[in-house]
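Novice: Quick one: the structure is below, questions incoming.
The values are calculated or read from the model by the stated rules, or taken from the named source; none is laboratory data. Just so it is clear, the structure is predicted and the values come from calculations on it, not from any experiment. Here the Cβ positions follow ideal geometry from the backbone for every residue, glycine too, while neighbour counts run over all protein chains shown. The accessibility values were calculated without ligands, DNA or RNA, using every heavy atom of the protein model including side chains. Shrake-Rupley method; radii C 1.70, N 1.55, O 1.52, S 1.80 Å.
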Amino acid sequence: MKKITIPIAFLLVCILLYSFIYKNEPVNNGVTADRILYNGKIVTVDSVNSIAQAVAVKDGKILAVGTNSEINKYKGDNTIVEDLKGKTLVPGFIDGHSHFMSFGRKNAVNVSAPPVGPVKNIADIISELQKFKKEHNIKDGEWISGYGYDPDQLAEKRHPEKEDLDAAFPNNPVTLTHVSGHLTVANSAALKISGIDANTADPAGGVIVRKKGSKEPTGLLQEHAAGLLKRRGTEERKQPTFEEQLEALDEQQTFYASNGITTAQDGHSGFETVVLLSKAAAQHRLFIDIEALAGYQIIDKILGSSEYKFGDLKDHFKIAGFKLIADGSPQGKTAYFTKPYLTDVPGCDHDNCTGIPTVTQQQFDDAILKGYKNNIQTFVHCNGDATIDMYIHAIKYADSALHTTSLGRRSVVIHSQFVRPDQLDTYHNFGIVAALFSNHAFFWGDTHTQNLGVERASFLSPLKTAIKKQVVATNHTDYGVTPLNQLFLLWTSVARESRTGKIIGASERLTPIEGLRAITINGAYEYFEEKSKGSIEKGKLADFAILSDDLLTVPTVKIKDIVVLETIKEGKTIYLKK
């Protein structure tokens, strides 16, 4: 066979022709972006925490991420181009746990301590209530409600009692809700209307705190005891119309967006809330994603309806799962522990005061089994380690009863405030998500140290240990328990500094990028949405927050002062700081 040879000159000509024909072919295959953001520091939060300069958006999704020159190739005649001018762009924040619908507090008085409210002593509480009564022209017989009081921040260092309120409000039933939401103080008028007196028995999962040496109530109602209050029928307030409710939803969404949040949670939804959010979604009135946790008590109603479905994100709304509340508040001394509190606990007259479980083990087991049977993601409020033991027992019980494994179900322990190291090992083995709450280090780190001791207090919200044990952990504000500010939240996870400047568990401090992952990609994982959001990667939703400073390089103390300048949801600006 004759050997065929190709002259070198001919090959060179072919190469030159190929180069001439294809050198200007666009790498974007003719696709142009709707919007380009360039010349910034883009913290992608991908698997290796890549940093980019620019991002291109098409049809609400991320088209490409890269350098300025790479992304410029996607620019077309109609592309909106935004120069970031070196500012930092991060994924939109994903709320691990808050109460989106808490805007209903507009009809109540803020009696919180600084920096959230103005109250420093009980006299301040009375003053704020009186001011509210006058401004709202509240008549005798009508209820007055305050929220956010914190006895550990009051000069008196105690809970208000009914007598503190009676003199100023002899003819109005008055209630004050503890900052945690787990305790309520009622004045004599409120107790009388509700039929609560010395002969009233404590309800299951609750305590009516009595005066020492007697059965007379002090006015403090713990956990389920607050459910004995009978407010309905006493106060006739005009109910908002559907359009007014939609307007309130608009305001609340904008408030969340102003904090860089593109996915929010309503942490304990009643049926009316589910109906309202579903209607709002159907009318395309939602512009951030809202994940509702249906209260456990309404799940049969949802399961029995053809209108609602768990786990289906549609038109920015999803019923993500159900919420069960299994104990109380550590700062309120109602969280349930295996070891006792070290200080006096109201309502407990013995030496081994460990808190209040608000469900029995049987109720816990039945709830988790029902969730697993119906493929509903389970979210349970557990602050104390004894309550977490109960949840773990219920998960094992459900797995055994169904002959399945909980791996893949992503059961969530909301707060996990005082989880033990051995329990985190179980989280890893069973695929349990730890929804942690590092703001406690600032707001109640000093209180927890006093009530629980240094060792337990130092391990509150152990985000660093969770990472080491390969447990997926998110971080949250529990708004309105603490402010919604996500940069302040990130700061508390990095600094773990208390109100008095003490470091609460130095070994649990995160790096800024670890803190950012907890409120972005890990938050997406909590909702089974990590493939569509939580990081800045091609194909994911174009959900971004533009910040005033670089959270990765500013001094730690400055992280909490960073401001959200712009929030973008699916490529569209939904908040722009004025």
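Novice: Do you know which residues across the range 96-150 are aromatic (Phe, Trp, Tyr) and over 17 Å from residue 169 (Cα atoms)?
Specialist: Answer for the range 96-150, where residues must be aromatic (Phe, Trp, Tyr) and over 17 Å from residue 169 (Cα atoms): 100, 103, 149.
Novice: Same structure again: Report whether or not residue 103 is assigned to a helix (DSSP H, G or I), farther than 17 Å from residue 149 by Cα and touching a residue at least 12 places away in the same chain (Cβ under 8 Å).
Specialist: Against the criterion (assigned to a helix (DSSP H, G or I), farther than 17 Å from residue 149 by Cα and touching a residue at least 12 places away in the same chain (Cβ under 8 Å)), residue 103 qualifies.
Novice: In the list 267, 355, 332, which residue meets the criterion of being open to solvent by less than 50 Å² (accessible area, probe 1.4 Å), in contact (Cβ under 8 Å) with a residue 60 or more places away in the chain and either touching a Phe, Trp or Tyr at 6+ places or on another chain (Cβ under 6 Å) or over 19 Å from residue 97 (Cα atoms) (or both)?
Specialist: 332
Novice: Tally the residues that are assigned to a loop (DSSP other than H, G, I, E, B), within 17 Å of residue 474 (Cβ to Cβ) and either under 17 Å from the mean Cα position of the chain (by Cα) or modelled with pLDDT under 95 (or both), restricting the search to the range 393-417.
Specialist: The first filter runs over the range 393-417 and keeps only residues assigned to a loop (DSSP other than H, G, I, E, B), leaving 403-411, 416-417.
Now narrow it down to the ones that are within 17 Å of residue 474 (Cβ to Cβ): 409-411, 416-417.
Checking which are either under 17 Å from the mean Cα position of the chain (by Cα) or modelled with pLDDT under 95 (or both) leaves us with 410-411, 416-417.
Going through the range 393-417 one residue at a time, the tally reaches 4.
Novice: Could you please tell me which pairs satisfy a Cβ distance under 6 Å, a separation of 6+ or placement on different chains, a first residue in the range 250-264 that is crowded, with 19+ Cβ neighbours inside 10 Å, and a second residue that is among the polar types (S, T, N, Q) and in a strand (DSSP E or B)?
Specialist: Listed by first residue and then by second, the contacts come to 257/567; 260/567.
Novice: Of all residues in the range 67-89, which are touching a strand residue (DSSP E or B) at 6+ places or on another chain (Cβ under 6 Å) and not in a loop (DSSP other than H, G, I, E, B)?
Specialist: 68, 71, 80, 81, 82, 88, 89
Novice: Let me ask something else. So residue 416 passes all but one of these: (1) in contact with a strand residue (DSSP E or B) (Cβ under 6 Å, 6 or more places away or on another chain); (2) open to solvent by 10 Å² or more (accessible area, probe 1.4 Å). Which condition number does it fail?
Specialist: Of the numbered conditions (1) in contact with a strand residue (DSSP E or B) (Cβ under 6 Å, 6 or more places away or on another chain); (2) open to solvent by 10 Å² or more (accessible area, probe 1.4 Å), the odd one out for residue 416 is (2).
Novice: Restricting to the range 294-312, count the residues that are of a type in the set (A, V, I, L, M) and under 18 Å from the mean Cα position of the chain (by Cα).
Specialist: So the answer is 1.
Novice: Consider the range 453-465. How many of its residues are part of a helix (DSSP H, G or I) and either without any contact (Cβ under 8 Å) to a residue 12 or more places away in the chain or open to solvent by 10 Å² or more (accessible area, probe 1.4 Å) (or both)?
Specialist: 6
Novice: Restricting to the range 358-372, what's the tally of residues that are β-branched (Val, Ile, Thr) and surrounded by fewer than 15 Cβ atoms within 10 Å (Cβ to Cβ)? Before the answer, list the steps.
Specialist: Taking the range 358-372 and keeping what is β-branched (Val, Ile, Thr), we get 358-360, 368.
Narrowing the set further to residues that are surrounded by fewer than 15 Cβ atoms within 10 Å (Cβ to Cβ) leaves 360.
Final tally of qualifying residues: 1.
Novice: Pull up the range 373-403, narrow it to residues that are small (Gly, Ala, Ser) and surrounded by 22 or more Cβ atoms within 10 Å (Cβ to Cβ), then point me to the one that is farthest from residue 356 (Cα to Cα).
Specialist: Here is the first cut: in the range 373-403, the residues small (Gly, Ala, Ser) are 384, 386, 394, 398, 400-401.
With the extra rule that they be surrounded by 22 or more Cβ atoms within 10 Å (Cβ to Cβ), the set shrinks to 384, 394, 398.
Values: 384: 10, 394: 18, 398: 24 Å.
In this case the residue turns out to be 398.
Novice: Quick one: which residue in 72, 28 is polar (S, T, N, Q) and at pLDDT below 95? Let's see the steps before the verdict.
Specialist: Numbers: 72 fails: at pLDDT below 95.
Checking each option against the conditions leaves just 28.
Novice: Name the strands (runs of 3 or more DSSP E) wholly inside the range 147-243 in which the number of residues that are hydroxyl-bearing (Ser, Thr, Tyr) and at pLDDT 95 or above is 1 or more.
Specialist: 174-178, 183-186, 217-223
Novice: Looking only at the range 37-51, how many residues end up being part of a loop (DSSP other than H, G, I, E, B), open to solvent by less than 20 Å² (accessible area, probe 1.4 Å) and of a type outside the set (Ser, Thr, Tyr)?
Specialist: Count: 2.
Novice: May I ask you to list the residues in the range 278-327 that are within 30 Å of residue 573 (Cα to Cα), open to solvent by 20 Å² or more (accessible area, probe 1.4 Å) and in a strand (DSSP E or B)?
Specialist: Matches in the range 278-327: 310, 314.
Novice: Restricting attention to the range 492-513, report how many residues are buried (at least 22 other Cβ atoms within 10 Å of the Cβ) and closer than 20 Å to residue 524 by Cα.
Specialist: So the answer is 2.
Novice: Determine whether the range 371-382 contains at least one residue that is among the β-branched types (Val, Ile, Thr) and assigned to a strand (DSSP E or B).
Specialist: yes
Novice: Looking at (1) open to solvent by 50 Å² or more (accessible area, probe 1.4 Å); (2) of a type in the set (Gly, Ala, Ser); (3) within 30 Å of residue 480 (Cα to Cα), find the lone condition where residue 92 falls short.
Specialist: (1)
Novice: Select from the range 526-548 the residues that are out of contact with any strand residue (DSSP E or B) (no Cβ under 7 Å at 6 or more places or on another chain) and surrounded by fewer than 18 Cβ atoms within 10 Å (Cβ to Cβ) and write down the one among them that is farthest from residue 97 (Cα to Cα). Let's see the steps before the verdict.
Specialist: Start the filter on the range 526-548 by keeping residues that are out of contact with any strand residue (DSSP E or B) (no Cβ under 7 Å at 6 or more places or on another chain), which leaves 528-531.
Filter again for surrounded by fewer than 18 Cβ atoms within 10 Å (Cβ to Cβ), leaving 528, 531.
Numbers: 528: 15, 531: 20 Å.
Result: 531.
Novice: Same structure again: Within the range 335-346, restricting attention to residues that are of a type outside the set (Val, Ile, Thr) and open to solvent by less than 50 Å² (accessible area, probe 1.4 Å), which residue is modelled with the lowest pLDDT?
Specialist: 346
Novice: Still on this structure: Out of all the residues in the range 189-203, which are within 24 Å of residue 363 (Cα to Cα) and exposed (fewer than 13 other Cβ atoms within 10 Å of the Cβ)?
Specialist: Answer for the range 189-203, where residues must be within 24 Å of residue 363 (Cα to Cα) and exposed (fewer than 13 other Cβ atoms within 10 Å of the Cβ): just 201.
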